[in-house]
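Below you'll find the structure, written out as structure tokens, and then a few comments.
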Amino acid sequence: MGELQRLDGIDSRMLHALQIEPRASWHALAPIVGVDAATLARRWERLRSDGVVWAMGYAPPGQMALLELECEHGQLHAVSSALETDREAVVVDFTSGGRDILALVATADLASMSAYTVARLGQVEGIRAVRTHLLNEILIEAASWRLRALTPAEVRLIPPPRPPRQRSAKRVPTELSAGILDELWRDARAPVATIAANTGHSPQRVSDAIATLRARGELVLRTDIARTYSEWPVYAWYFIEAPARTIEVARKTITTIPEVRLAATAASRYNLILAVWLRRLTDINRLEIALTAAFEGARIADRSVVLQICKHMGRVIGPDGCAIRLADDADPSRAP
């Protein structure tokens, strides 16, 4: 890994644009960001090779859950290493507070989630206790979080994804879909020609299939940034108990709190779970004032600050917050 550099204004503008449309061409983004296409390509490659940024594609999961894990003394790293190779555990965090590890797990359905939490985790040595929070509905997806480096007018200039051609096939064969997911899981900006060569299909068929999958919501693309290299280096989870009427209001009010990256309702003691990014640890008190004001009658039952991200969206994360490599058996069909 090369010497890491902090994001500058151009980097932030480029990455904000790629958060909106991960497959936008450099030529399309150049006049919006304010530098030429070659400079954008060079900056992206530097940040990507250093693990500061990565872009991936995945199919929405059938069932998600946040798992609280308590580990035996001295077994924290052994447990996280075991989860690192689990395709279901797409996010693994070391945390403060009443749990040692928080793992965001995605499976095909509820039965698969049950098998994972009961059978698989029962085989992992070093786990003392597991508490499972089944997620009912995602109110805010982490993929929708933005750096806010571009103005609203500049955001409107970013070209949207190409819609499917009228003459393109209405159905994408399973084999082609799986091949595209595998390629885009590794790199959401992979050129169509590369995907075509690796999957054995024509570039036009691959291009049409990507457009169709995205239009149907069967393929989600996102650009991620190492938290430590953003302006929001503090990462925390919140567990909230709220009346049912407050949850309904939260669907709208939660979007007014820019620090929230992920918000989900849950079938557990905590019926609203949030993941937030903050500029500094002292902002926690200010955020909690904003949360209690936004959610009338709600109670912040618990919170955990993330001490280290071990795995994120199938990427193994190093102590500096940067992606080291793709987990060996990460599965694009089970990512959140």
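Which residue out of Asp86, Asp93 is open to solvent by 10 Å² or more (accessible area, probe 1.4 Å), touching a strand residue (DSSP E or B) at 6+ places or on another chain (Cβ under 9 Å) and among the acidic types (Asp, Glu)? Only one candidate passes the filter, namely Asp86.
Each row is one residue, and each column tells you yes or no for (1) in a helix (DSSP H, G or I); (2) among the polar types (S, T, N, Q); (3) more than 18 Å from Arg148 (Cβ to Cβ).
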residue	(1), (2), (3)
Arg245	yes, no, yes
Val249	yes, no, yes
Thr255	yes, yes, no
Leu262	no, no, no
Tyr270	no, no, yes
Val276	no, no, no
Leu281	no, no, yes
Asn285	yes, yes, yes
Leu291	yes, no, yes
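So, Glu248, is that one among the acidic types (Asp, Glu), free of Cβ contacts under 8 Å to residues at least 40 places away in the same chain and under 28 Å from Leu7 (Cα atoms) or not? I'd like the intermediate steps shown before the answer.
Working: among the acidic types (Asp, Glu): yes; free of Cβ contacts under 8 Å to residues at least 40 places away in the same chain: yes; under 28 Å from Leu7 (Cα atoms): no.
For Glu248, the condition - among the acidic types (Asp, Glu), free of Cβ contacts under 8 Å to residues at least 40 places away in the same chain and under 28 Å from Leu7 (Cα atoms) - is not met.
Residues to consider are Leu69, Leu104; find the one that is within 19 Å of the chain's Cα centre (by Cα), under 19 Å from Asp302 (Cβ atoms) and assigned to a strand (DSSP E or B).
Sole residue among the options that is within 19 Å of the chain's Cα centre (by Cα), under 19 Å from Asp302 (Cβ atoms) and assigned to a strand (DSSP E or B): Leu104.
The residue that is surrounded by the most Cβ atoms within 10 Å (Cβ to Cβ), among those in the range 293-324 that are free of Cβ contacts under 8 Å to residues at least 60 places away in the same chain, among the small types (Gly, Ala, Ser) and not in a loop (DSSP other than H, G, I, E, B), is Ala294.
Candidates in the range 1-26 are the residues that are at pLDDT 95 or above and over 20 Å from the mean Cα position of the chain (by Cα); of these, the one that is farthest from Arg156 (Cα to Cα) is Ile10.
The numbered conditions (1) surrounded by 15 or more Cβ atoms within 10 Å (Cβ to Cβ); (2) assigned to a loop (DSSP other than H, G, I, E, B); (3) not hydroxyl-bearing (Ser, Thr, Tyr) are all true for Gly57 except (2). Whether any residue in the range 30-53 is crowded, with 21+ Cβ neighbours inside 10 Å, touching a Ser or Thr at 6+ places or on another chain (Cβ under 8 Å) and in contact (Cβ under 8 Å) with a residue 60 or more places away in the chain is what I want to check. Yes: the range 30-53 contains one or more residues that are crowded, with 21+ Cβ neighbours inside 10 Å, touching a Ser or Thr at 6+ places or on another chain (Cβ under 8 Å) and in contact (Cβ under 8 Å) with a residue 60 or more places away in the chain.
Could you look through the range 115-141, keep only residues that are more than 19 Å from the chain's Cα centre (by Cα) and surrounded by fewer than 15 Cβ atoms within 10 Å (Cβ to Cβ), and pick out the one that is nearest to Ala78 (Cα to Cα)?
Glu125
Residues in the range 105-127 that are in contact (Cβ under 8 Å) with a residue 40 or more places away in the chain and of a type in the set (Val, Ile, Thr) were compared, and the one that is nearest to Leu262 (Cα to Cα) is Val105. Looking across the range 162-191, the residues that are open to solvent by less than 30 Å² (accessible area, probe 1.4 Å) and in a helix (DSSP H, G or I) come down to Leu176, Ser177, Gly179, Ile180, Leu181, Leu184, Trp185. I'd like to check something: does the range 28-42 contain any residue that is small (Gly, Ala, Ser) and under 19 Å from the mean Cα position of the chain (by Cα)? So far as the range 28-42 goes, no, none of its residues is small (Gly, Ala, Ser) and under 19 Å from the mean Cα position of the chain (by Cα).
The values are calculated or read from the model by the stated rules, or taken from the named source; none is laboratory data. Here the structure is a predicted model, which is why all the values come from computation and not from measurement. Here Cβ is always computed from backbone atoms with ideal geometry, including for glycine, and neighbour counts include all displayed protein chains. Note: areas computed on protein heavy atoms with side chains; ligands, DNA, RNA excluded. Shrake-Rupley method; radii C 1.70, N 1.55, O 1.52, S 1.80 Å.
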